[in-house]
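In what follows, a structure is listed as structure tokens, so that the remarks can point back to it.
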Amino acid sequence: MPSGARHNEVVTEQIPVFRTTDHGAAKLMPDVDRERAWLLTVDGAPQSYVDLDEPTYLEFEYARRLGHALDTVAPRGRALDVLHLGGGALSLPRYVAATRPGSRQDVVEADRGLLELVGEYLPLPEGSGVAVHAADARAWLEAAPDDSADVLIADVFGGSRVPAHLTTLAYAREAERALRPGGTYLANLADAAPFAFLRSQLATFAEAFEELALIAEPGVLRGRRFGNAVLVASHRPPDVAALARRVAADAFPARVEHGPALTEFIGSARPVEDADAVPSPVPPGGAFGIG
């Protein structure tokens with residue numbers, strides 16, 4: 001790890017950083033419009049965006065929607081115990097640390113080399129309350145104590161696909177077990193019409209949780225393009241009205257599906273068993289490209 005002086009020099013000079021990590025070719029690129037902001041890509045796919053001076057700034061649309069959901073799961077400013085499956089550049093852990101001081105957070109990321117890169121160039125502030133672990137997400141979850149988290153956030157992609165072992169009913173039940181009563185599961189998913197993957201995920205989590213909601217751009221839900229959707233799952237009803245207001249006011253408005261509309265969307269989809277699991281679909285060329 002470089003000294004503080006070297007790290008400051010790298011940030012000031014805004015030099016792109018390239019490194020081969022355990023799971024791919026990582027690249028940190030400075031944002032010329034924001035003094036200490038960086039974009040992380042892995043194998044050319046955007047993974048995270050971090051502004052070291054403004055941790056509440058979330059560049060990616062799906063990240064903002066996860067942030068909106070986080071803002072509604074508990075009263076403003078209340079500290080939470082959060083488990084993040086998937087780390088990237090730790091955008092959401094930084095957001096939680098800034099908006100809910102005193103929170104305790106564990107981040108599980110399989111790519112140890114990526115964690116080392118982020119720790120070297122985009123270090124967490126002192127006293128962040130964030131602990132980072134290099135491990136497989138499902139293995140960590142299966143070893144997690146019962147009722148140990150208020151929120152579980154799954155944002156795990158192998159390249160641009162959700163790994164198969166994080167899509168199943170057994171996995172969903174492990175997530176439910178690790179959450180406290182009234183806790184919330186949030187996941188970043190991606191699909192396109194006819195939504196076989198997304199519908200199967202909703203059917204899967206409906207077996208483990210009583211309440212589901214889905215946040216997505218209307219154009220994605222209408223089947224016009226491939227895109228991200230945020231799944232919200234809990235045993236208590238989400239604050240749909242507050243969540244809908246927040247996502248509708250975003251620079252790229254989204255809508256919240258809940259109740260009968262979501263049941264209709266799921267249709268005849270069935271829960272995913274471990275033996276039948278497959279990764280999320282391959283995004284079409286340019287779906288998550290960088291202009």
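The values are calculated or read from the model by the stated rules, or taken from the named source; none is laboratory data. Worth saying up front: this structure is predicted, and the values here are computed from it rather than measured. Heads up, the Cβs are rebuilt from the backbone with ideal geometry, glycines too, and the neighbour counts pull from every protein chain shown. Only protein heavy atoms, including side chains, enter the accessible area calculation; ligands, DNA and RNA are left aside. Shrake-Rupley method; radii C 1.70, N 1.55, O 1.52, S 1.80 Å.
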Checklist entry - Among the residues of segment 80-90, is any in contact with a helix residue (DSSP H, G or I) (Cβ under 7 Å, 6 or more places away or on another chain), assigned to a strand (DSSP E or B), open to solvent by 40 Å² or more (accessible area, probe 1.4 Å) and over 19 Å from S160 (Cα atoms)? => result no
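Residue by residue, here is whether (1) touching a His at 6+ places or on another chain (Cβ under 6 Å); (2) at negative phi; (3) in a loop (DSSP other than H, G, I, E, B); (4) surrounded by 21 or more Cβ atoms within 10 Å (Cβ to Cβ) holds:
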position: P125; (1), (2), (3), (4): no, yes, yes, no
position: S128; (1), (2), (3), (4): no, yes, yes, no
position: H133; (1), (2), (3), (4): no, yes, no, no
position: E142; (1), (2), (3), (4): no, yes, no, no
position: D147; (1), (2), (3), (4): no, no, yes, no
position: I153; (1), (2), (3), (4): yes, yes, no, yes
position: V156; (1), (2), (3), (4): no, yes, yes, yes
position: H165; (1), (2), (3), (4): no, yes, no, no
Next on the checklist: Quick check on segment 266-280: of everything there that is buried (at least 18 other Cβ atoms within 10 Å of the Cβ) and among the hydrophobic types (A, V, I, L, M, F, W, C), which residue is farthest from the chain's Cα centre (by Cα)?
Outcome noted: A269
Next on the checklist: Can you pull out every residue in segment 167-199 that is free of Cβ contacts under 8 Å to residues at least 40 places away in the same chain, farther than 16 Å from W140 by Cα and in a helix (DSSP H, G or I)?
Outcome noted: L198
Item to check | Selected residue (criterion: modelled with the lowest pLDDT) from residues of segment 30-46 that are buried (at least 18 other Cβ atoms within 10 Å of the Cβ) and either closer than 15 Å to E116 by Cβ or more than 18 Å from the chain's Cα centre (by Cα) (or both) | outcome: V42
Checklist outcome for this item: Exactly one of V50, V118 is open to solvent by less than 10 Å² (accessible area, probe 1.4 Å), at pLDDT 95 or above and not in a helix (DSSP H, G or I), and that residue is V50
Checklist entry - Considering segment 34-54 alone, what residues qualify as being touching a Phe, Trp or Tyr at 6+ places or on another chain (Cβ under 6 Å) and in contact (Cβ under 8 Å) with a residue 60 or more places away in the chain? => result L39, A45, P46, V50
Item to check | Cβ-Cβ under 8 Å pairs, at least 6 apart or on other chains, segment 71-85 side on the phi > 0 side of the Ramachandran plot, far side open to solvent by less than 30 Å² (accessible area, probe 1.4 Å) and assigned to a loop (DSSP other than H, G, I, E, B) | outcome: G77/R100
Item to check | Lone qualifier among V230, V240, V247, V220 - being within 19 Å of L166 (Cβ to Cβ), crowded, with 16+ Cβ neighbours inside 10 Å and either of a type in the set (V, I, T) or under 20 Å from the mean Cα position of the chain (by Cα) (or both) | outcome: V230
Next on the checklist: Looking at segment 106-115 only, could you name the residues that are among the aliphatic types (A, V, I, L, M) and part of a helix (DSSP H, G or I)?
Outcome noted: L114, L115
